[in-house]
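Worksheet: the structure to be examined is printed underneath.
The values are calculated or read from the model by the stated rules, or taken from the named source; none is laboratory data. Keep in mind that what you see is a predicted model, and the values were worked out from it rather than measured. In this analysis, Cβ positions are derived from the backbone assuming ideal geometry, glycine residues included, and neighbour counts consider all displayed protein chains. Note: areas computed on protein heavy atoms with side chains; ligands, DNA, RNA excluded. Shrake-Rupley method; radii C 1.70, N 1.55, O 1.52, S 1.80 Å.
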Amino acid sequence: LSMALKYTVGTTTIITSGSRSVPDMAEERRMLIVDNKNGKASILPFDQKTFVDDRAGDLAFEAFSPVVAKSDNVSAMAARLFLGVSNDNKELIVYCSNQATIKEASDALLAAGVAVDNQLQADGGGSAACGYNLPGQFFVEPNRTLPALMGAVTVIGRGIVNSETINVRDGASTKNKLIAKLDRNAQVFVFEEKNGWVRIGDNAWVLKSLLKIK
(Lines give C-alpha, C1' and ligand atoms only; values in the text may rest on other atoms or scores of the structure.)
Protein backbone atom coordinates (compact mmCIF):
# COMPACT_ATOMS: atom_id res chain seq x y z
CA LEU A 1 0.00 0.00 0.00
CA SER A 2 1.14 3.55 -0.63
CA MET A 3 -0.37 4.85 2.61
CA ALA A 4 1.90 5.67 5.54
CA LEU A 5 1.85 3.36 8.56
CA LYS A 6 3.15 3.83 12.11
CA TYR A 7 3.65 0.87 14.42
CA THR A 8 5.77 -0.23 17.34
CA VAL A 9 8.21 -3.13 17.57
CA GLY A 10 9.38 -3.50 21.17
CA THR A 11 10.26 0.03 22.21
CA THR A 12 11.03 1.24 18.67
CA THR A 13 8.47 3.19 16.66
CA ILE A 14 8.61 2.62 12.90
CA ILE A 15 7.00 4.94 10.35
CA THR A 16 6.77 3.93 6.70
CA SER A 17 6.88 6.91 4.37
CA GLY A 18 4.21 5.78 1.95
CA SER A 19 4.03 7.24 -1.55
CA ARG A 20 1.82 10.00 -2.89
CA SER A 21 1.22 11.34 -6.36
CA VAL A 22 0.49 15.05 -6.85
CA PRO A 23 -3.27 14.47 -7.40
CA ASP A 24 -3.42 12.38 -4.22
CA MET A 25 -2.00 15.22 -2.16
CA ALA A 26 -4.96 17.38 -3.17
CA GLU A 27 -7.46 14.88 -1.74
CA GLU A 28 -8.79 14.99 1.81
CA ARG A 29 -6.70 12.60 3.89
CA ARG A 30 -7.53 11.00 7.21
CA MET A 31 -5.72 8.84 9.72
CA LEU A 32 -6.73 5.94 11.90
CA ILE A 33 -5.17 6.10 15.36
CA VAL A 34 -5.28 2.86 17.40
CA ASP A 35 -4.62 3.28 21.11
CA ASN A 36 -4.10 -0.26 22.40
CA LYS A 37 -3.45 0.93 25.95
CA ASN A 38 -6.98 2.29 26.28
CA GLY A 39 -8.59 -0.10 23.83
CA LYS A 40 -9.86 2.63 21.53
CA ALA A 41 -9.51 3.74 17.92
CA SER A 42 -10.35 7.00 16.22
CA ILE A 43 -10.43 8.40 12.70
CA LEU A 44 -9.28 12.01 12.45
CA PRO A 45 -8.27 14.51 9.77
CA PHE A 46 -4.66 13.83 8.86
CA ASP A 47 -2.21 15.80 10.99
CA GLN A 48 1.48 15.10 10.60
CA LYS A 49 2.42 16.07 14.16
CA THR A 50 -0.22 13.80 15.69
CA PHE A 51 0.59 10.99 13.27
CA VAL A 52 4.28 10.81 14.20
CA ASP A 53 3.81 11.49 17.93
CA ASP A 54 4.42 8.34 19.99
CA ARG A 55 1.75 9.45 22.44
CA ALA A 56 -0.92 9.48 19.73
CA GLY A 57 -1.32 5.69 19.84
CA ASP A 58 0.36 2.37 19.28
CA LEU A 59 -0.59 2.26 15.61
CA ALA A 60 -1.56 4.79 12.99
CA PHE A 61 -2.61 4.47 9.37
CA GLU A 62 -2.98 7.27 6.81
CA ALA A 63 -5.49 7.06 3.98
CA PHE A 64 -8.38 8.94 2.33
CA SER A 65 -11.77 10.16 3.44
CA PRO A 66 -14.56 8.44 1.48
CA VAL A 67 -15.33 11.42 -0.77
CA VAL A 68 -17.98 10.40 -3.29
CA ALA A 69 -17.15 11.80 -6.72
CA LYS A 70 -19.92 12.93 -9.08
CA SER A 71 -18.92 10.13 -11.44
CA ASP A 72 -19.32 7.48 -8.72
CA ASN A 73 -21.65 5.09 -10.53
CA VAL A 74 -21.53 1.57 -11.95
CA SER A 75 -18.56 2.57 -14.10
CA ALA A 76 -16.64 3.36 -10.90
CA MET A 77 -16.82 -0.21 -9.61
CA ALA A 78 -13.54 -1.42 -8.10
CA ALA A 79 -12.20 -3.45 -5.20
CA ARG A 80 -12.76 -1.41 -2.04
CA LEU A 81 -11.28 -1.67 1.42
CA PHE A 82 -12.83 0.68 3.98
CA LEU A 83 -12.32 1.01 7.73
CA GLY A 84 -14.80 2.43 10.21
CA VAL A 85 -14.88 3.15 13.95
CA SER A 86 -18.06 2.92 16.01
CA ASN A 87 -19.40 2.04 19.46
CA ASP A 88 -17.74 5.00 21.25
CA ASN A 89 -14.45 4.33 19.46
CA LYS A 90 -14.28 0.78 20.82
CA GLU A 91 -15.08 -1.13 17.62
CA LEU A 92 -13.11 -1.23 14.38
CA ILE A 93 -15.16 -2.38 11.38
CA VAL A 94 -13.64 -3.59 8.11
CA TYR A 95 -15.56 -3.43 4.83
CA CYS A 96 -14.13 -5.39 1.92
CA SER A 97 -15.58 -5.96 -1.53
CA ASN A 98 -14.13 -7.09 -4.82
CA GLN A 99 -16.60 -4.84 -6.66
CA ALA A 100 -18.15 -1.68 -5.20
CA THR A 101 -18.38 2.04 -5.79
CA ILE A 102 -17.17 4.47 -3.13
CA LYS A 103 -20.79 5.25 -2.26
CA GLU A 104 -21.71 1.58 -1.88
CA ALA A 105 -18.76 0.98 0.44
CA SER A 106 -19.56 4.08 2.48
CA ASP A 107 -23.26 3.20 2.64
CA ALA A 108 -22.39 -0.30 3.87
CA LEU A 109 -20.52 1.20 6.82
CA LEU A 110 -23.39 3.62 7.41
CA ALA A 111 -25.73 0.63 7.62
CA ALA A 112 -23.37 -0.85 10.23
CA GLY A 113 -23.71 2.30 12.32
CA VAL A 114 -20.51 4.07 11.24
CA ALA A 115 -20.94 7.77 10.50
CA VAL A 116 -19.16 9.11 7.40
CA ASP A 117 -16.84 11.17 9.61
CA ASN A 118 -15.66 7.90 11.16
CA GLN A 119 -14.92 6.21 7.82
CA LEU A 120 -11.65 5.89 5.97
CA GLN A 121 -10.96 4.51 2.49
CA ALA A 122 -7.91 2.35 3.13
CA ASP A 123 -7.53 1.13 -0.44
CA GLY A 124 -9.35 1.06 -3.75
CA GLY A 125 -8.71 -0.38 -7.18
CA GLY A 126 -6.67 -3.32 -8.37
CA SER A 127 -4.37 -3.27 -5.34
CA ALA A 128 -7.20 -3.62 -2.82
CA ALA A 129 -6.79 -7.38 -2.52
CA CYS A 130 -8.73 -8.96 0.33
CA GLY A 131 -11.06 -11.84 1.01
CA TYR A 132 -12.04 -14.55 3.49
CA ASN A 133 -10.65 -17.94 4.36
CA LEU A 134 -12.53 -19.82 7.09
CA PRO A 135 -16.04 -18.49 7.79
CA GLY A 136 -15.82 -15.25 9.71
CA GLN A 137 -12.03 -15.06 9.53
CA PHE A 138 -11.02 -11.88 7.73
CA PHE A 139 -7.63 -11.77 6.08
CA VAL A 140 -5.71 -9.78 3.51
CA GLU A 141 -2.49 -10.65 1.76
CA PRO A 142 0.11 -11.32 4.50
CA ASN A 143 2.76 -9.10 2.89
CA ARG A 144 0.58 -6.00 2.79
CA THR A 145 0.32 -3.13 5.24
CA LEU A 146 -3.12 -3.75 6.70
CA PRO A 147 -2.36 -7.01 8.58
CA ALA A 148 0.36 -5.19 10.52
CA LEU A 149 -2.22 -2.62 11.52
CA MET A 150 -5.08 -4.99 12.23
CA GLY A 151 -3.11 -7.90 13.64
CA ALA A 152 -4.79 -10.01 10.99
CA VAL A 153 -3.42 -13.53 10.53
CA THR A 154 -4.40 -16.49 8.41
CA VAL A 155 -6.05 -19.31 10.33
CA ILE A 156 -4.97 -22.75 9.08
CA GLY A 157 -7.60 -24.73 10.96
CA ARG A 158 -9.88 -25.14 13.97
CA GLY A 159 -9.53 -27.65 16.76
CA ILE A 160 -11.58 -29.22 19.55
CA VAL A 161 -9.93 -30.66 22.64
CA ASN A 162 -10.54 -34.43 22.66
CA SER A 163 -8.96 -35.23 26.07
CA GLU A 164 -10.21 -34.46 29.56
CA THR A 165 -7.62 -31.69 29.92
CA ILE A 166 -4.61 -30.65 27.90
CA ASN A 167 -1.62 -28.47 28.74
CA VAL A 168 -0.92 -25.20 26.96
CA ARG A 169 2.77 -24.28 26.88
CA ASP A 170 4.72 -21.20 25.80
CA GLY A 171 6.62 -23.19 23.17
CA ALA A 172 6.45 -26.34 21.04
CA SER A 173 7.96 -28.73 23.61
CA THR A 174 7.06 -30.43 26.88
CA LYS A 175 10.10 -28.64 28.31
CA ASN A 176 8.43 -25.26 27.80
CA LYS A 177 6.57 -23.48 30.58
CA LEU A 178 3.00 -24.56 31.34
CA ILE A 179 0.79 -21.46 30.98
CA ALA A 180 -2.77 -22.84 30.96
CA LYS A 181 -4.99 -25.90 30.70
CA LEU A 182 -7.93 -26.55 28.38
CA ASP A 183 -10.87 -28.84 29.12
CA ARG A 184 -12.51 -31.35 26.81
CA ASN A 185 -14.53 -29.83 23.92
CA ALA A 186 -12.82 -26.44 24.23
CA GLN A 187 -12.57 -24.89 20.76
CA VAL A 188 -9.40 -23.22 19.47
CA PHE A 189 -8.02 -21.69 16.28
CA VAL A 190 -4.81 -23.13 14.81
CA PHE A 191 -2.33 -20.56 13.47
CA GLU A 192 0.83 -22.63 12.99
CA GLU A 193 2.10 -26.23 13.12
CA LYS A 194 5.59 -27.38 14.13
CA ASN A 195 7.02 -30.76 15.14
CA GLY A 196 3.70 -32.26 16.17
CA TRP A 197 2.58 -29.12 18.03
CA VAL A 198 0.15 -26.38 16.98
CA ARG A 199 0.08 -22.74 18.01
CA ILE A 200 -3.35 -21.61 19.23
CA GLY A 201 -2.39 -18.08 20.30
CA ASP A 202 0.54 -15.80 21.01
CA ASN A 203 3.22 -18.10 22.50
CA ALA A 204 0.55 -20.71 23.24
CA TRP A 205 1.16 -24.26 21.99
CA VAL A 206 -0.58 -27.62 22.45
CA LEU A 207 0.10 -31.13 21.16
CA LYS A 208 -1.72 -31.61 17.86
CA SER A 209 -2.61 -35.20 18.74
CA LEU A 210 -4.78 -33.95 21.62
CA LEU A 211 -6.97 -31.93 19.29
CA LYS A 212 -9.54 -32.93 16.69
CA ILE A 213 -8.61 -30.64 13.79
CA LYS A 214 -11.34 -29.47 11.41
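The table for this structure:
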read-out: Accessible surface of LYS177 - all protein chains present, 1.4 Å probe, nearest 10 Å²; value: 140 Å²
read-out: Mean Cβ neighbour count within 10 Å, used as a protection proxy, ranking 80-88, 27-35 highest first; value: 80-88, 27-35
read-out: Estimated distance in nm for a label pair at LYS37 and ILE213, the labels positioned 7 Å out from Cα along Cα-to-Cβ; value: 4.1 nm
read-out: ³J(HN,Hα) computed for each position of the range 200-214 - Karplus, 6.51 cos²θ - 1.76 cosθ + 1.60, integer Hz, glycine/proline x; value: 10, x, 5, 6, 10, 10, 9, 5, 4, 5, 8, 10, 9, 8, 10
